[in-house]
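Here is the structure we will look at.
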Amino acid sequence: IVAKNIQYTTTTATAPAGKPFTIAFDNEDAGTPHNISIHTGGAGGQQDFLGKIVTGPIVEIYDVPALPAGSYTYVCSVHANMTGTLTVK
């Protein structure tokens, strides 16, 4: 998942249900902090994963625990306008 110009350029992603997985998060915004937080039921819903906030440019590998099948929203904890959809199947 890539962050550039204070937005995710990758707005959809998929992951396997019931298995831990990794996200390679590429923050291309120099001097700008971003992360990925995964939520059930939209950006304001239950937080299922919270990735470390990193200041770009940097690639951070997140180890995400197993999630049940479904649709999740990922959001930047620093910039709430940055959102995407994670489909776990």
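When F25, F49 are screened for being under 11 Å from the mean Cα position of the chain (by Cα) and open to solvent by less than 10 Å² (accessible area, probe 1.4 Å), only F25 passes.
For segment 71-82, a residue qualifies if it is in contact (Cβ under 8 Å) with a residue 40 or more places away in the chain and open to solvent by less than 60 Å² (accessible area, probe 1.4 Å), and the qualifying residues are Y74, C76, H79, M82. T87 meets the conditions (1) over 15 Å from I23 (Cβ atoms); (2) open to solvent by 30 Å² or more (accessible area, probe 1.4 Å); (3) touching a strand residue (DSSP E or B) at 6+ places or on another chain (Cβ under 9 Å) in every case but one. The failed one is (1). Listed by position, the strands (runs of 3 or more DSSP E) enclosed by the chain that each have at least 1 residues that are touching a Phe, Trp or Tyr at 6+ places or on another chain (Cβ under 6 Å) and small (G, A, S) are 12-15, 83-88. Scan segment 29-50 and report the pairs whose first residue is within 21 Å of G70 (Cβ to Cβ) and whose second residue is open to solvent by 20 Å² or more (accessible area, probe 1.4 Å) and among the acidic types (D, E), with Cβ atoms within less than 7 Å and a gap of 6+ or a chain change. Listed pairs, sorted by first residue: I38/D48; H39/D48; T40/D48.
Report whether or not G42 is open to solvent by less than 40 Å² (accessible area, probe 1.4 Å), farther than 19 Å from N5 by Cβ, of a type in the set (G, A, S) and modelled with pLDDT under 95.
Here the answer is yes, as G42 does meet what is asked.
The values are calculated or read from the model by the stated rules, or taken from the named source; none is laboratory data. Being a predicted model, the structure only gives us computed values, none of them experimental. Note: ideal-geometry Cβ built from the backbone for every residue, glycine included; neighbour counts use all protein chains shown. Calculation scope for accessible area: heavy atoms of the full protein, side chains included, ligands and nucleic acids excluded. Shrake-Rupley method; radii C 1.70, N 1.55, O 1.52, S 1.80 Å.
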